[in-house]
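The values are calculated or read from the model by the stated rules, or taken from the named source; none is laboratory data. What you are looking at is a predicted structure, and each value in this text was computed from that prediction instead of being measured. Cβ coordinates were reconstructed from backbone atoms using ideal geometry, including for glycine residues, and neighbour counts include every protein chain displayed. Calculation scope for accessible area: heavy atoms of the full protein, side chains included, ligands and nucleic acids excluded. Shrake-Rupley method; radii C 1.70, N 1.55, O 1.52, S 1.80 Å.
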Amino acid sequence: MTANTAKDAATDAAADAAAGVPPAAPRGRIARVLDSDILYSFLRSKVTILSAIVTLVFFAGAAFAPWIAPHNPFDLATISILDARLPPLGMEYSDPRFILGTDDQGRDVFSGILYGARISLAVGFLSVFFAAIVGVMLGLIAGYVGGKVDAVIMRIAEVQLTFPAILIALLVDGVARALFGNLDRERFAFWILVFSIALSFWVQFARTVRGSTLVERNKEYVQAARLIGIPRFLIMIRHVLPNVIGPVLVIATINLGLAIITEATLSFLGVGIPPTQPSLGTLVRIGNDFLFSGEWWIAMFPGFALAVLVLAVNLLGDWLRDALNPKLR
Amino acid sequence: MLAFSIRRLLQAILVMLVVALISFTLFRFVGDPVNQMVGVETTPEQREALRERLGLNDPIMTQFGRFIVKAAQFDFGTSYQFRQPVSDLIGKRLPATLELSLVSAIFALLVGIPMGVYTGLHRDSVLSKLFLSISLIGISLPTFFIGILLIFLFSVTLQWLPSFGRGDTVAIGWWTTGLLTVSGLKALVLPSITLGLFQMTLIMRLVRSEMLEVIRTDYIKFARARGLRQRSINFRHALKNTLVPVITITGLQVGSIIAFAIITETVFQWPGMGLLFLQSVQNVDIPIMAAYLMLIAFLFVVINLIVDLLYFVVDPRLRADRAAL
């Protein structure tokens, strides 16, 4: 982010100079942010502000779930089967303790959503984080080293692009089951999920970074660095990386929404997070069984929470893409 | 054209070989195939005999070669969970998946293209904004949740349409079709909307952005200057030129439709390949997993190949370029 704002400020200054505006006096970091295009375009778009608020509410709700949630759905001592299948407030037989009703085991749906969002967001963030690290590294190496290394990395990326993320994740899960057995798999389910989603998302990062690395590597500062004998590895990390990292943030935001959907889908299909530690997708899976008996709230509330979260993240991603790179619009 | 086709064909074969290698590795090294076939009371000698008979002691390259030859004939051995040949199991379920995919692809095209044209031509109308908002929501809603919403609305609440299964099917040779019976058609509605919605929004956005680009070009201005009717400009001149990327994306999406069918088939308990694959993942039924992987890869590769060749049919400029080379 800092690299970006700095770059934007630099281009601003260049534009000012070109327009004949005298260069502004050196400004502090905060003043620069307050004056930036990014903040301006953020404040101009009501949808973006709204989605940022929604996203923040979800983050806060997920992060502080143990303190905010009225009940702890994992604490067997506090849940009672007598509270099972209570409808949400406003319907007949509802209980004021459970504003969004309860599921088949008497767990509070609202608390379940808070704890579920925690797991969904954790899987989403971690998998995008790992995908970005692997993708940026491989893209950097492919673009900078070139030759056979480039060809091999990009061929792998192409073959992988042939398969949708969900299929790769399912295959990884199947292999994990075969290798670990079902019991161990449940214990590692979280990390298997992170791994399989990261595995299917790195390609986009790698391709983008490779593209901009190809441009950067021929620039004068890289040639100068090479000339004074800085090792290849250091040039890549210290000089090229800061200049190609910009778009990564945009891709990461857009992929966060996708990763959350992928996680939810896998959990819904029953190959993701086990029901003992339900994510939003697992909650919908549990609720799906009760749709026909009229207990719609068990599936619908977590489902809508998921949809709103993903929509907000996607809108933020769209905005970020437009704000950082107006050409892409 | 010929050189290009041959090069693409070679690439396609390479991709298939890589996928075959992955399938083979799955098949051979993930879990011991012998362990899956025999009972607990089998003696080590019997196991060794079986191992020898199956050719599992041969050099790896020989085994891989044999795997490819068998895969080319669609022989993937016997399913661990059903004790039936994998090819029979998949063959029985293939029609259900293909029918569902085809119908949802047609739905996506028939609804997506006109919506895209409209939103491209009338950028700022209220209806366009509505379409775009719907498309954004369509992209953000996970497929399985769309399915659940549709089931809740049309099956549980209104009770208009069935929520699971294929309805009655008619057998034509080995192919079973639900397209010829009323209950079969009814059963198709919700699953194909669920499966096609994402593709529909994708196509709509694509056609829209292409239209926006095309109507700015000189030949459209010229057509307008010639006094052609607006309808004829829009559809004969503009739409035609937006179709190349639409064909590409649609082609690529057909593959992902088949893959996403896994989700839709689970929600609607649709008896297709996707459901079979999901069961095989849950039960570690490696032969089915390997076969499904190969089949999907094959479909992808064939579709990509067809799409690449279709360019030449659709876009005469490409033909001229290639001829000049």
Q: Being on the phi < 0 side of the Ramachandran plot and part of a loop (DSSP other than H, G, I, E, B) is the filter; apply it to segment B:46-66 and report the residue that is modelled with the highest pLDDT.
A: B:59
Q: Go through (1) open to solvent by 30 Å² or more (accessible area, probe 1.4 Å); (2) touching a residue at least 40 places away in the same chain (Cβ under 8 Å) one by one and return the number of the condition residue B:49 breaks.
A: (2)
(Q) Among the numbered criteria (1) away from chain B (no Cβ under 14 Å); (2) open to solvent by 50 Å² or more (accessible area, probe 1.4 Å); (3) of a type in the set (Val, Ile, Thr); (4) touching a residue at least 12 places away in the same chain (Cβ under 8 Å), which one does residue A:209 miss? (A) (2)
Q.
Would you confirm, using the coordinates I've provided, whether residue A:79 is modelled with pLDDT under 75 and open to solvent by less than 70 Å² (accessible area, probe 1.4 Å)?
A. yes
Q. Any chance segment B:274-291 includes a residue that's under 19 Å from residue B:101 (Cβ atoms), under 13 Å from the mean Cα position of the chain (by Cα), at pLDDT 85 or above and within 12 Å of another protein chain (Cβ to nearest Cβ)?
A. yes
**Q.** Tally of residues being crowded, with 19+ Cβ neighbours inside 10 Å and either closer than 27 Å to residue A:285 by Cα or of a type in the set (Ser, Thr, Tyr) (or both) across segment A:127-150
**A.** 4
Q) Residues A:309, A:269, A:258: which one is within 30 Å of residue A:144 (Cβ to Cβ) and within 11 Å of chain B (Cβ to nearest Cβ)? A) A:258
(Q) When the residues of segment B:82-110 are narrowed to those that are open to solvent by less than 50 Å² (accessible area, probe 1.4 Å) and of a type in the set (Val, Ile, Thr), which ends up farthest from the chain's Cα centre (by Cα)? (A) B:86
(Q) Looking only at segment B:232-259, filter to residues that are within 12 Å of chain A (Cβ to nearest Cβ) and out of contact with any helix residue (DSSP H, G or I) (no Cβ under 6 Å at 6 or more places or on another chain); which one of those is farthest from residue B:152 (Cα to Cα)? (A) B:252
Q) Inside segment B:218-240, can you point out the residues that are open to solvent by 60 Å² or more (accessible area, probe 1.4 Å) and within 17 Å of residue B:120 (Cβ to Cβ)? A) B:219, B:221, B:224, B:230, B:231, B:235, B:236, B:240
Q: Determine whether residue B:183 is hydroxyl-bearing (Ser, Thr, Tyr), surrounded by 15 or more Cβ atoms within 10 Å (Cβ to Cβ) and closer than 21 Å to residue B:261 by Cα.
A: no
Q.
Step by step: first the residues of segment A:272-289, then only those that are part of a helix (DSSP H, G or I) and more than 10 Å from chain B (Cβ to nearest Cβ), then the one that is least open to solvent (accessible area, probe 1.4 Å). Which residue is that?
A. A:282
Q | First in segment B:114-140 and within 14 Å of chain A (Cβ to nearest Cβ), second anywhere and open to solvent by 30 Å² or more (accessible area, probe 1.4 Å) and not basic (Lys, Arg), Cβ under 8 Å, 6 or more apart | A | B:136/A:311; B:136/A:315; B:137/A:311; B:138/B:197; B:138/B:198; B:139/B:198; B:139/B:202; B:140/A:311
Q. When residue B:138 is evaluated against the numbered criteria (1) modelled with pLDDT under 80; (2) open to solvent by less than 40 Å² (accessible area, probe 1.4 Å); (3) part of a loop (DSSP other than H, G, I, E, B), which criterion, by number, is the only one it fails?
A. (3)
**Q.** Hits in segment A:290-311 (condition: in contact (Cβ under 8 Å) with a residue 60 or more places away in the chain and either open to solvent by 10 Å² or more (accessible area, probe 1.4 Å) or within 23 Å of residue A:202 (Cα to Cα) (or both))
**A.** A:290, A:295, A:297, A:301, A:305, A:308, A:309, A:311
Q. If residue B:270 passes every condition in (1) over 14 Å from the mean Cα position of the chain (by Cα); (2) within 11 Å of chain A (Cβ to nearest Cβ); (3) of a type outside the set (A, V, I, L, M); (4) surrounded by 17 or more Cβ atoms within 10 Å (Cβ to Cβ) but one, which one does it miss?
A. (2)
